[in-house]
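Take a look at the structure below.
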Amino acid sequence: MTGFGKTETQWEDKNLSIEIRSLNSKNADINLRTPSYLREMDTEIRKRIAKQLYRGKIDLNIFIEFNGQNAPSTINTAVVKSYMDQLKTISDGSESEMMAIAMRLPDTLSSERETLQETEKEAIYTLIGQVLKDIENYRTDEGNALEKDFKKRLELIENHLQSVIKIDPERNEKIEQKLRSALEDLKIEIDANRFEQELIFYLEKFDITEEKVRLKNHLEYFKEVMNNDFPNGKKLGFIAQELGREINTIGSKANHAELQKIVVQMKDELEKIKEQLLNVL
């Protein structure tokens, strides 16, 4: 969701410059810095930004430079002269020193609030639209790069899942053999039927069949949502959380060194996906 855009134009007696910066954020956090006489446009500007950028910490700056005598602020001559006359009664400073002090005192500049014309509003909205388009193009390029990275990470997790599926039967056999060996070492008589029942119950506690199925479904759903044309970053974040739950459950039930290593590798790829999801709308 990062992006930057800037554009400038000349409109009548003014130079207009607009820039927008966008950083990652869960919601639309829009901060406007505009000249005071443009404040009536703030609501509409916010609405247009939120409609196109959806989310992000967004800063918009509008700079207006007036040319020559058309500047909105003028020196209040009478006030400045009055300040200088008063200063002369309490100081022997030079004329330039008095002037410098007087200009820093209140009300030496008078500002006339300019009335916004509809044509000026449209010029500003057009500029904002151009900048937003630049940011959208920037985000699109970033999104294409992220899509390639996500597909790569998902493929790696899928490959690891295939390794889990391949190892699982061997893992179950080892767990069963381990239990039988432990009982044989005890050298006591046991009820064969009761032992088989307990063994089945014990193996069910370590069964990861459901986790494997759900993990595969979540991976497919992630790819499906990623191909949507509308903003889906939050949904992808939720799916990533579900992926993490299934991977963690497989790890907690593993009871197998090689399987634990595969789980760690899946977690590593998923964390990389989660980090990049912060950049997705």
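The values are calculated or read from the model by the stated rules, or taken from the named source; none is laboratory data. These numbers were taken from a predicted model, which means no experiment stands behind them. Here Cβ is always computed from backbone atoms with ideal geometry, including for glycine, and neighbour counts include all displayed protein chains.
One line per residue, one yes/no per condition, for (1) modelled with pLDDT under 85; (2) outside any strand (DSSP E or B); (3) among the basic types (Lys, Arg); (4) touching a His at 6+ places or on another chain (Cβ under 9 Å):
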position	(1), (2), (3), (4)
Ile18	no, no, no, no
Ser22	no, no, no, no
Asn31	no, no, no, no
Tyr37	yes, yes, no, no
Arg46	no, yes, yes, no
Ala50	no, yes, no, no
Ile58	no, no, no, no
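Per-residue answers, yes or no, for (1) at pLDDT below 90; (2) in contact with a Cys (Cβ under 9 Å, 6 or more places away or on another chain); (3) in the same structural domain as Ser22 (by TED's automatic domain parsing):
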residue: Glu97; (1), (2), (3): yes, no, no
residue: Ile124; (1), (2), (3): yes, no, yes
residue: Lys152; (1), (2), (3): no, no, no
residue: Glu155; (1), (2), (3): no, no, no
residue: His160; (1), (2), (3): no, no, no
residue: Ile175; (1), (2), (3): yes, no, no
Any residue in region 260-269 that is surrounded by 13 or more Cβ atoms within 10 Å (Cβ to Cβ), at pLDDT 85 or above and under 20 Å from the mean Cα position of the chain (by Cα)?
yes
